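Peer 1: Below is a structure I'd like to ask you about.
The values are calculated or read from the model by the stated rules, or taken from the named source; none is laboratory data. Everything numeric in this text was worked out from a predicted model, so none of it was measured. Cβ: placed from backbone, ideal geometry, glycine included. Neighbour counts: every protein chain shown.
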Number of protein chains: 2
Amino acid sequence: MKKNLVGVDIGGTTIKIGLFKNEGEIIDKWEIPTDKTNEGERIPHDIWESIEHKMSKHYIDKSTVGGIGVGAPGFIDAKKGIILIGVNIGWNDFELGKKLNALSNLPVYMDNDANVAAIGENWKGSGDLVDNLIVVTLGTGVGGGIIANGQIVSGANGTAGEIGHITVEKEGGAPCNCGRSGCLETVTSATGIARQALEAVNEGKNTKLAERYKNKNKLTAKDVFDLAKEGDAVAQDIVNHVTDVLGYSLASVATVINPSKIIMGGGVSKAGEDLLRPLRAAFEQYALPRIIEGCQFEIATLGNDAGIYGGAYLAKQNIE
Amino acid sequence: MKKNLVGVDIGGTTIKIGLFKNEGEIIDKWEIPTDKTNEGERIPHDIWESIEHKMSKHYIDKSTVGGIGVGAPGFIDAKKGIILIGVNIGWNDFELGKKLNALSNLPVYMDNDANVAAIGENWKGSGDLVDNLIVVTLGTGVGGGIIANGQIVSGANGTAGEIGHITVEKEGGAPCNCGRSGCLETVTSATGIARQALEAVNEGKNTKLAERYKNKNKLTAKDVFDLAKEGDAVAQDIVNHVTDVLGYSLASVATVINPSKIIMGGGVSKAGEDLLRPLRAAFEQYALPRIIEGCQFEIATLGNDAGIYGGAYLAKQNIE
């Protein structure tokens, strides 16, 4: 068994990289900028150069490294190591796996960034390596990672787990980044929550949100959760609506997957129990008793490091 | 490699059994009654006795049989071969796998009947052994079988794929057999469709369903599809509502799984294109373009034999 692993998490602005011991102890983690020029052609080279530099700094010989696991944004063909479509970076059928393997001469494993973050949380975060898991990220958008039978579910063309794009309003929903409208993320993302707060203010509702908007000239999901806690009825209505819609959708997803855990990550999850309490109540209203019985809600603990942990675990899982 | 396989499909009234060659050619298939006395304790014995009898009839030596695969109703611990809860038969933590293995001295593999039927359809029905599949059975209830990464998804406590119990009416839905209300199966099962037809008649709506009800004193899902085809507006409304609700739910399920096929089985699927046409239209209204692109709808072709084919394939998959 090799002693070390590398995890890589490619984002639109920075690439996070981690060197790990085989059991998950972190040796070093760092970031490099994402060079998007010429449709990101230099990225594999940048990644490997930076890994080599850090290995040398820590006196780690390449022969001790079992493999590199990479999470990348977009639709991925995990088997072939190809990024089919990576809108952020401009990738189109980009053979990242092959290129990185050619440079490093190490085995390279890839999957979608949300999926890789999910296995990271499952390995060293709130997951405890369960076989059936849903990880939901409530940030600018709503991301999802699904694990069934201990494996990432990628689907027929890398689109599995896109739970942010479950339709929750059949008609008249807010426009979504995907080009449709009424998707889950238009209601339950940080952006969606802030939008509902602003709408309430613009409708002239009697709420402290109006005052806060006047002072800061913007509103965030955190404002909504904070004021709901202080008893603001309008903010509470928004929290109730958001958690009802999310609990309903997660009940449907859980009826498909029957997970033993649902882990909530992303900025909105910082609300902790103020999010989980109403979310659980909604979930329990819409799910089968046996699904509820088998399923615990947790808050993600790895934050932005979930992707590099997940990359390392993806390599570990494939080489062992 | 062993030459032969056995598939068993346990139902509340009969147990279907099939002897197969390793590549799926059927040697013989038959049924025995389900003996429910003393909480079904004789069932393992009945199954094995009947298999031995048929093997001898076909001059098949036990040494040529690779294993027995069993689909059983209820919540199953597939790894341990235990039926946790089998309401129909009265089973409770029933060690069917262990008992059948002790009698036969052959490897025994088990899963929930809907899941096993799904892999049967995938092997020798409309599936073509795809890695990511949803099979939906529209019968008395609505059953679901999910395959991801080529494997049955059973979930944390055997409740995965219970898509008949996705909540589709948050308030005021019809009561469901599961004790809740507003589940998908209350709207889209054969029973649910017939109920909506009867409701329309009782409301005094102007429809040929009323005449048919007067003549036969009952209404079926087939009546609804037949009269919709003949242009009856009320029957068409029911078909539209049923396929809208089903298409919406399947769009959500497909957003989780990203299947390359969705196979429709059960009595209602006999409507063929009259079901698939409006169902596809609804699905395409609610699903991401990339999910739609990757997914074909098919009608199941194995009918009641899906379970025994699936049992045989479950054994094949585990022993190879």
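Peer 1: Any residue in the stretch A:100-129 that's over 13 Å from A:Ala78 (Cβ atoms): show its pairings with residues that are aliphatic (A, V, I, L, M) and in a helix (DSSP H, G or I) at Cβ separation under 6 Å, as long as the two are six or more apart or on different chains.
Peer 2: A:Ala117/A:Ala306; A:Gly120/A:Ala306; A:Glu121/A:Ala306
Peer 1: Quick check on this structure: which one of A:Val168, A:Val130 is farther than 28 Å from A:Lys62 by Cα, of a type in the set (Val, Ile, Thr) and in contact with a Cys (Cβ under 8 Å, 6 or more places away or on another chain)?
Peer 2: Values: A:Val130 fails: in contact with a Cys (Cβ under 8 Å, 6 or more places away or on another chain).
The match here is A:Val168.
Peer 1: Follow-up question, since we're still on this one. Is it the case that A:Lys54 is assigned to a strand (DSSP E or B), under 18 Å from A:Lys16 (Cβ atoms) and not acidic (Asp, Glu)?
Peer 2: Details: assigned to a strand (DSSP E or B): no; under 18 Å from A:Lys16 (Cβ atoms): yes; not acidic (Asp, Glu): yes.
So A:Lys54 does not fit the description; no.
Peer 1: Tally up the residues in the stretch B:27-44 that are among the β-branched types (Val, Ile, Thr) and free of Cβ contacts under 8 Å to residues at least 12 places away in the same chain, please. Lay out the reasoning, then the answer.
Peer 2: So the first thing to find is which residues in the stretch B:27-44 are among the β-branched types (Val, Ile, Thr), and the list is B:27, B:32, B:34, B:37, B:43.
The next check asks that each one be free of Cβ contacts under 8 Å to residues at least 12 places away in the same chain; those that pass are B:37.
Summing the residues that are among the β-branched types (Val, Ile, Thr) and free of Cβ contacts under 8 Å to residues at least 12 places away in the same chain in the stretch B:27-44 gives 1.
Peer 1: For A:Arg277, all conditions in the list (1) touching a residue at least 24 places away in the same chain (Cβ under 8 Å); (2) among the basic types (Lys, Arg); (3) away from chain B (no Cβ under 12 Å) hold save one; what is the number of the exception?
Peer 2: (1)
Peer 1: Against the definition (of a type outside the set (A, V, I, L, M), in contact (Cβ under 8 Å) with a residue 60 or more places away in the chain and closer than 30 Å to B:Gly74 by Cα), how does B:Gly182 come out, yes or no? Can you show your working first?
Peer 2: Working: of a type outside the set (A, V, I, L, M): yes; in contact (Cβ under 8 Å) with a residue 60 or more places away in the chain: no; closer than 30 Å to B:Gly74 by Cα: yes.
Judged against the criteria, B:Gly182 is not a match.
Quick grid of which residues meet (1) within 14 Å of chain B (Cβ to nearest Cβ); (2) in contact with a Pro (Cβ under 8 Å, 6 or more places away or on another chain):
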residue: A:Glu284; (1), (2): yes, no
residue: A:Arg290; (1), (2): yes, no
residue: A:Thr301; (1), (2): no, no
residue: A:Asp305; (1), (2): no, no
residue: A:Ile308; (1), (2): no, no
residue: A:Gly311; (1), (2): no, no
residue: A:Ala315; (1), (2): no, yes
residue: A:Ile319; (1), (2): no, yes
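Peer 1: How many of the residues making up the stretch B:286-308 are in a loop (DSSP other than H, G, I, E, B) and either under 18 Å from B:Val253 (Cβ atoms) or in contact with a His (Cβ under 7 Å, 6 or more places away or on another chain) (or both)?
Peer 2: We begin by selecting, within the stretch B:286-308, every residue in a loop (DSSP other than H, G, I, E, B); these are B:287-288, B:294-295, B:300-302.
Those still in the list that are either under 18 Å from B:Val253 (Cβ atoms) or in contact with a His (Cβ under 7 Å, 6 or more places away or on another chain) (or both) too: B:287-288, B:294-295, B:300.
Result for the stretch B:286-308: 5.
Peer 1: Please determine whether any residue of the stretch B:233-253 is in contact (Cβ under 8 Å) with a residue 40 or more places away in the chain, farther than 26 Å from B:Gly307 by Cβ and of a type in the set (Phe, Trp, Tyr).
Peer 2: yes
Peer 1: If we only count helices (runs of 4 or more DSSP H) wholly inside the stretch B:162-242, which ones have 1 or more residues that are within 14 Å of another protein chain (Cβ to nearest Cβ)? I'd like the intermediate steps shown before the answer.
Peer 2: On the way: elements: B:184-188, B:190-202, B:208-216, B:221-229.
Answer list for the stretch B:162-242: B:184-188.
Peer 1: I'm told A:Ser252 meets every condition in (1) crowded, with 22+ Cβ neighbours inside 10 Å; (2) out of contact with any Phe, Trp or Tyr (no Cβ under 7 Å at 6 or more places or on another chain); (3) more than 14 Å from every other protein chain (Cβ to nearest Cβ) except one. Can you identify the failing condition by its number?
Peer 2: Every condition holds for A:Ser252 apart from (3).
Peer 1: A follow-up question, please. Kindly provide the set of residues from the stretch A:128-143 that are modelled with pLDDT under 95 and either out of contact with any strand residue (DSSP E or B) (no Cβ under 9 Å at 6 or more places or on another chain) or among the small types (Gly, Ala, Ser) (or both), ordered by number.
Peer 2: A:Gly139, A:Thr140, A:Gly141, A:Gly143
Peer 1: For the stretch B:141-161, how many residues meet the condition of being within 11 Å of chain A (Cβ to nearest Cβ), of a type in the set (Gly, Ala, Ser) and either part of a loop (DSSP other than H, G, I, E, B) or free of Cβ contacts under 8 Å to residues at least 12 places away in the same chain (or both)?
Peer 2: 7
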